[in-house]
Amino acid sequence: MNKYWISVVIAAIFEVCWVIGLKHADDFWTWTGTVIAIIISFYVMIMAGRKLPVGTVYAVFVGLGTAGTVLSEILFFGEPVKISKILLILLLLAGVIGLKLVTSDEPTSDSVQKGANS
């Protein structure tokens, strides 16, 4: 896994943070943390999307964020565990892993040329 895919995973972790923040923030500092997490999440995802196929980056970002959010709600906030939720998360993660496996780790030639012209 190259540094751009690691960036997508980091962006997804921040996505989980801000989604939880949207539900649980109740004062200035928690809202500030939520906004910072949104900014970091999207910035890192956009930077990765400049080097990797944007459709795959977004799908992986959202898939990991969704799975992470559901698991966080179960582990930290007492959301009931249902076998159907777990199976659907596994199916979602299988799709994310499949997308990652069929996508090249090399930056796209279009992205490389854009970077050279900047």
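We did not get these values from a lab; they are worked out from the coordinates using the rules stated. Keep in mind it's a predicted model, so treat the numbers as computed, not measured. Note: ideal-geometry Cβ built from the backbone for every residue, glycine included; neighbour counts use all protein chains shown.
Neighbour counts of other Cβ atoms within 10 Å put 15, 79, 73 in the fewest-to-most order 79, 73, 15. Charges were assigned to the Cβ only: +1 to each Lys and Arg, -1 to each Asp and Glu. The resulting dipole of segment 3-107 about its Cα centre is roughly 260 debye.
Listed from fewest to most Cβ neighbours within 10 Å, the set 100, 23, 85 follows the order 23, 85, 100.
In terms of its C-alpha gyration tensor, segment 3-107 has an oblate overall shape, because the principal axis ratio a/c (a ≥ b ≥ c, square roots of the eigenvalues) is not below 1.5 and a/b does not outweigh b/c.
In the neighborhood of residue 16, defined by Cβ-to-Cβ distances under 15 Å, what is the net charge if each Lys or Arg adds +1 and each Asp or Glu adds -1? Charge balance in the 15 Å sphere: -2.
Between rounded, prolate and oblate, where does segment 24-77 land on the alpha carbon gyration tensor, with a ≥ b ≥ c its root eigenvalues, rounded for a/c under 1.5, else prolate if a/b exceeds b/c? It comes out oblate by the Cα gyration axes.
Put in order of Cβ neighbour count within 10 Å, fewest first, the listed residues 72, 84 become 84, 72.
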